[in-house]
Each structure stands twice: as C-alpha cells, then as structure tokens.
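S.K.: Starting off with a structure, shown below.
The values are calculated or read from the model by the stated rules, or taken from the named source; none is laboratory data. Just so we're clear, the structure is a prediction, and the values are computed from it rather than from any experiment. No Cβ is skipped: glycine too gets one built from the backbone with ideal geometry, and neighbour counts run over all protein chains shown. In case anyone asks, the SASA skips ligands and DNA or RNA and just uses the protein heavy atoms, side chains included. Shrake-Rupley method; radii C 1.70, N 1.55, O 1.52, S 1.80 Å.
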Amino acid sequence: MPFSSKTLLPLKTLYLDDDAGLGVLVKKAMSRRGHNVVPVTNSQEAFDLLAQGGFDVMALDHSLVGETGLDVLARLGPRTERLPVVYVTGSADARLALQALRAGADEYVIKDTAAEFYDLLIAAIENVTERWRLKRQRADDEKAVREARDRAELLLQEVNHRVANSLGLVAAMVRMQSAALSDPGAIAALQETQARITAIAGVHRRLYTSDRIGLVEIDDYLEHLVGELQTSLADDEHPYSIRLNAERLTIPIDKAVSVGVIVGELVTNAFKYAYDPGAPGEIRVSMRQDPVAIVHLTVEDDGQGFDPRLPSRGTGLGSKILGAIAASLKAVVDYPSTASGTRVRVTFSLD
C-alpha cells in the first residue's frame with residue numbers, strides 16, 4: 001500500500017488501544033516525527049476527548065475490551081461527520097482489513113512489535129490526513145465556486161429584471177405618446193415600435209424568472225408575447241385574434257430575442273394588411289422542432305394574401321428588420337403556398 005513520507009505540520013492523533021504500553025511507544029515514535037499523540041485505552045474516554053475537539057486523526061485498534069474497532073467505527077458515524085481513521089489490527093487476514101475499510105476506516109496497518117510498525121503507522125496517519133486536507137480543500141473550493149456562481153446568477157437575474165422593467169417603461173411611454181397623436185401613420189409607427197420593445201423585454205422577463213441561466217422556454221415566452229401583442233395591436237379596426245401553437249422548447253437567449261422580434265414583425269404586419277378594416281380574422285403562430293434539431297416558425301392568416309415579389313405596402317422597415325434578424329439566426333424565410341391568406345415560414349437550426 002502506498003504511503004506518503006513527506007513531513008506534515010504537527011498532527012494531533014487520538015490513539016485508541018487497550019494496550020497502554022503500546023500506546024506509550026506509539027506516542028514516543030510519533031513525537032520523534034514532530035506529532036502529538038494522546039493514547040487512551042477505552043472507547044468512552046476516546047469519545048469524551050473527541051467531543052472536546054482538536055484532533056486531526058484517530059488511530060483505532062481492532063481488539064478492545066468488550067468490543068472491537070468495528071463497533072467504534074459504527075458509533076463514529078459517516079465519514080463526512082468525523083475525522084479520518086487509521087485502523088490497526090494484529091491480524092494479517094486481509095478480509096478483516098477490507099471489512100474495516102468498508103465500515104468507514106480510511107487506512108489500515110498491520111500491528112506487530114517490529115520497528116517497521118511505527119513507521120508504517122506514522123506514514124498511514126500522515127497519508128490519510130493529507131488526503132482529507134486535500135478533500136476538504138477541494139470541497140471548500142467547490143463551495144466557493146458554487147457561491148460565486150449563485151452570486152453571478154442572482155446578479156444576472158437582477159440585471160434582466162432591471163432591463164425588463166426599463167424596456168417596459170419605454171414601451172409604456174411609447175404607448176402614451178401614440179395615444180396623444182391623431183396621425184394614423186404616426187400612431188401605427190409607434191405601435192410597431194412598442195411591439196418590438198415588448199418582444200425584447202419579454203425575453204428578459206423570462207430570464208429573470210427562470211432557473212436556467214441564458215436559456216428561455218420559448219413556448220412560455222411566445223404565449224406571453226402574443227398576449228401582449230393582442231392587447232397592444234387589437235382595436236375596433238383590427239379586431240383580430242392570435243392563436244399560438246408552440247412546442248415546449250428551450251433555446252438560448254440570443255435566438256429567443258430574434259424569434260420574438262420576428263414574431264412581432266410578422267404579427268404586426270398581419271394586423272396591418274391581412275384583413276379589411278373591421279373584419280374579423282385570425283393570425284396563427286406555430287413553432288416546432290423536427291428530429292434533426294431544425295426549428296420551424298410559421299405565422300399565417302386567412303386574409304388577402306401577399307406576394308413577396310411586389311413592393312412593400314408600407315415603409316419597408318419591417319421587411320428590413322425581418323431580413324436582418326433572419327440573417328443573424330442564419331435562418332431561411334420562405335412563403336409556402338396556401339389556399340388563402342399568407343403563410344410565412346422561418347427555418348433555423350439550434351446548433
């Protein structure tokens with residue numbers, strides 16, 4: 001069995017052995033190495049001293065009066081709640097050593113009267129103490145990393161919360177401004193601006209309420225987005241309803257922002273041009289992922305139809321935004337044929 005031979009800082013060892021004479025010899029050998037040993041001959045005295053604390057390691061003999069070291073190990077409790085233990089046995093039977101290790105001992109030494117025993121015991125004590133020191137250090141480091149990660153996550157959630165609130169405030173001001181205007185063109189432009197702000201704000205709102213940093217559940221996000229679009233865009237001249245059918249899908253924040261802006265642009269465009277003013281109508285938004293991780297986003301209506309080859313009926317800003325966002329997604333935008341109305345399909349990969 002490999003043992004460390006390097007000198008450690010002075011260790012304080014509790015040595016439990018009903019042979020008081022051997023305990024004195026172990027104490028002398030350990031003191032020459034620079035360590036301190038407190039020998040005891042019964043388990044009650046050992047547990048009383050352990051309760052006081054201050055020990056780095058315990059050496060435990062197998063044969064005790066009225067019990068065995070295995071009984072003491074059982075009373076010590078799990079490894080996570082006690083100090084390391086070196087098991088000492090006069091038996092060369094490997095099965096006993098294995099039984100002790102399974103019961104919670106961290107190392108074992110075969111006891112005899114030769115001088116080699118003391119060297120092996122010292123090495124075993126130093127070895128397990130160093131292992132435990134490294135284990136505690138690793139646990140402390142992992143705890144520090146977890147705490148730093150938790151702080152970063154809380155900070156990121158707070159940032160997303162503030163961004164969402166700020167964007168919500170901007171959207172509210174845009175809505176107030178549009179309400180104060182009488183020019184239909186200006187009102188429509190501000191409504192479109194509000195829809196774009198709402199799309200981005202919704203992503204940040206989902207982020208600060210989510211436990212998954214940097215990821216957005218797109219179905220939940222789109223449900224809230226289409227609800228806000230319905231509220232901001234629908235009026236007496238545009239009494240249209242939006243119906244959503246989105247699979248449960250988690251995507252990165254940058255793609256979620258792009259999806260939100262695209263949906264906002266297409267839904268807004270459908271509100272403006274799909275149906276005659278005052279006529280009822282429905283706008284359908286769907287999103288699904290196929291087996292090879294390709295996402296298909298579709299927005300369609302049953303209105304007047306649209307020929308993408310013809311010039312834009314508005315300023316063309318929405319089409320430019322759609323093209324730019326699709327390019328950032330590396331998405332393909334096409335217009336599948338349909339019996340009536342318009343269908344726009346945006347296809348992109350999550351990779």
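S.K.: Filter the range 259-283 down to the residues that are farther than 23 Å from Ile200 by Cβ and part of a strand (DSSP E or B), then identify the one that is nearest to the chain's Cα centre (by Cα).
M.R.: Residue satisfying both the conditions and the ranking: Glu282.
S.K.: Here is a further query. Regarding Lys320, is this residue touching a residue at least 40 places away in the same chain (Cβ under 8 Å), part of a helix (DSSP H, G or I) and either outside the structural domain of Ala246 (by the TED database) or open to solvent by 20 Å² or more (accessible area, probe 1.4 Å) (or both)?
M.R.: no
S.K.: Considering the range 277-309 alone, what residues qualify as being among the acidic types (Asp, Glu) and touching a residue at least 24 places away in the same chain (Cβ under 8 Å)?
M.R.: Glu282, Glu300, Asp301, Asp302
S.K.: Test Thr80 against the criterion of being in a helix (DSSP H, G or I), at pLDDT below 85 and open to solvent by 60 Å² or more (accessible area, probe 1.4 Å), and give yes or no.
M.R.: Yes; evaluated as a whole, the condition is true for this residue.
S.K.: Among the residues of the range 98-111 satisfying the criterion of being of a type outside the set (Gly, Ala, Ser) and closer than 21 Å to Gly54 by Cα, which is surrounded by the fewest Cβ atoms within 10 Å (Cβ to Cβ)?
M.R.: Asp106
S.K.: Taking only the range 243-258 into account, find how many residues are hydrophobic (A, V, I, L, M, F, W, C), over 23 Å from the mean Cα position of the chain (by Cα) and within 16 Å of Thr347 (Cα to Cα).
M.R.: Summing the residues that are hydrophobic (A, V, I, L, M, F, W, C), over 23 Å from the mean Cα position of the chain (by Cα) and within 16 Å of Thr347 (Cα to Cα) in the range 243-258 gives 1.
S.K.: I've got another one for you. Mind checking which residues of the range 83-97 are part of a loop (DSSP other than H, G, I, E, B) and open to solvent by less than 10 Å² (accessible area, probe 1.4 Å)?
M.R.: Within the range 83-97, just Pro84 meets the criteria.
S.K.: Right, next: What is the one condition in (1) exposed (fewer than 14 other Cβ atoms within 10 Å of the Cβ); (2) in a helix (DSSP H, G or I); (3) small (Gly, Ala, Ser) that Ala123 does not satisfy?
M.R.: Looking at each condition in turn, Ala123 falls short on (1).
S.K.: Quick one: which of Leu169, Leu154, Leu181 is open to solvent by 40 Å² or more (accessible area, probe 1.4 Å), in contact with a helix residue (DSSP H, G or I) (Cβ under 7 Å, 6 or more places away or on another chain) and either without any contact (Cβ under 8 Å) to a residue 40 or more places away in the chain or not in a helix (DSSP H, G or I) (or both)?
M.R.: Going through Leu169, Leu154, Leu181 in turn, just one is open to solvent by 40 Å² or more (accessible area, probe 1.4 Å), in contact with a helix residue (DSSP H, G or I) (Cβ under 7 Å, 6 or more places away or on another chain) and either without any contact (Cβ under 8 Å) to a residue 40 or more places away in the chain or not in a helix (DSSP H, G or I) (or both): Leu181.
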